[in-house]
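A quick write-up on the structure given underneath.
The values are calculated or read from the model by the stated rules, or taken from the named source; none is laboratory data. Since we're looking at a predicted model, the values are computed, not measured. Every residue, glycine as well, gets a Cβ built from its backbone with ideal geometry; the counts of neighbours run over all protein chains shown. Accessible surface is based on the protein model in full, side chains and every heavy atom, while ligands, DNA and RNA are left aside. Shrake-Rupley method; radii C 1.70, N 1.55, O 1.52, S 1.80 Å.
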Amino acid sequence: HDPASLRTGLAPDQDELTAFGVADGIIHVSEGCRVHSEKMHGNAKPTIVLHSAVPKFYYDQARHVNFNAIVYQGGLTSKVKDENGLHYFRNLQYIVKHFMAEGYSFSLFGAGSHEGMDDSYERMGAFVTNNLPYTTMLTGLRQHGFGFVGAPMRTGIIAHCMPNKLFEYISQGVIPICWNADEAGEFV
């Protein structure tokens, strides 16, 4: 989905090298991921950029929207730094704090592993849930006026990705807010 080397900012690991080595062709989720991958792995194989669109039968037309509510769906942590001292781009406490200070409610629909999560988002007043079934998550998105795409700091992966959440928000009529997410912002 996203090259690990773009996500971490480090040299490609063995899994990434193997994947690009054995693939017959490459499907990229964004132009930025394509450019990065070709810089790291060359461009001798057929490639296409194909966004992660949501199937039409999941689209929602009838919804009760709250334009004072923001949602984030995706990887989430409350850790500030990783074992290398790098800031986690999935720590959204700064974002949540500032939107809530402006009177917005904030919901966080976490995905994947949440090792080391604490209750800091809940203590800020945000609603947090983890790993919902896909259709349940889509239904939960519809109640929000806005959906957050990005990170509190600039990173290569966030600047160049076209995340699934962007297309999931759009499919449910949720207006994307893109911050430090250059390619997603250009698309929107």
The chain: most fluctuating residue of 54, 22, 35 per GNM, C-alpha cutoff 10 Å: 22
Listed pairs 56/97; 39/165; 56/79; 39/81; 45/165 exceeding 32 Å between Cα atoms: 56/97; 56/79
Residues of the chain: accessible area per residue with a 1.4 Å probe, Å²: 54
Alpha carbon Rg of the chain, scaled by the compact-globule rule 2.2 N^0.38 Å: 1.06
Heavy-atom accessible surface of the chain: percent carbon and sulfur, 1.4 Å: 54
Gain upon complete extension [residue 50, residue 135; 0.36 nm per residue less C-alpha separation]: 28.4 nm
Net charge, residue 108 excluded, C-beta distance under 11 Å - Lys, Arg +1, Asp, Glu -1: 0
Cleavage-rule hits, trypsin sites (Lys or Arg not before Pro), the range 91-188, DSSP coil, Cβ neighbours within 10 Å at most 16: 154
